[in-house]
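The values are calculated or read from the model by the stated rules, or taken from the named source; none is laboratory data. Remember, predicted model here, so these are calculated numbers, not experimental data. Here the Cβ positions follow ideal geometry from the backbone for every residue, glycine too, while neighbour counts run over all protein chains shown.
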């Protein structure tokens with residue numbers, strides 16, 4: 001047979017052990033809250049000491065977090081500065097490359113112009129030389145033809161012509177030779 005009081009008891013039974021343990025626990029809490037323990041190296045009561053240690057640790061963690069946030073902000077600012085400098089350096093490099101390309105194109109154009117002018121000068125000089133040589137050759141041929149005509153005329157006619165007839169005869173012979181028509 002069981003006791004009717006025990007049969008109705010649930011998880012928590014109110015008996016003398018429970019009351020003693022609860023009273024001991026409350027006394028221990030009060031002891032730890034009000035009594036310092038210097039012989040254990042605890043200069044003030046345990047709970048306030050633990051709270052002060054926790055608060056100091058919290059302040060230290062907060063300070064470290066603030067330092068880390070400031071360092072992160074500084075790092076982000078330096079990163080932004082570095083990015084801006086990189087972008088500026090790229091723009092400067094692009095400008096330099098573009099300028100070098102323009103200078104190269106201009107130099108090629110100038111060299112092409114100079115080469116074209118030199119080519120024209122050489123062609124013109126060669127044309128003048130050819131024209132001068134042609135004129136000398138024609139003059140030489142005229143002189144030779146004139147000499148031959150005078151000699152042939154003197155033999156055919158048997159007399160020497162005066163200067164006017166001589167010139168007319170030479171000019172007519174040269175025109176016939178130049179036109180390719182050896183006959184009249």
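Quick look at the values:
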quantity	calculated
Qualifying positions in region 29-46 - surrounded by 14 or more Cβ atoms within 10 Å (Cβ to Cβ) and either in contact with a helix residue (DSSP H, G or I) (Cβ under 6 Å, 6 or more places away or on another chain) or at pLDDT 85 or above (or both)	32, 42, 45, 46
Residue within region 122-140 that is surrounded by 10 or more Cβ atoms within 10 Å (Cβ to Cβ) and under 36 Å from the mean Cα position of the chain (by Cα) present	no
Residue that is nearest to the chain's Cα centre (by Cα), among those in region 152-164 that are exposed (fewer than 12 other Cβ atoms within 10 Å of the Cβ) and at pLDDT below 75	163
Selected residue (only one of 101, 143 is assigned to a helix (DSSP H, G or I), modelled with pLDDT of 90 or more and surrounded by 10 or more Cβ atoms within 10 Å (Cβ to Cβ))	101
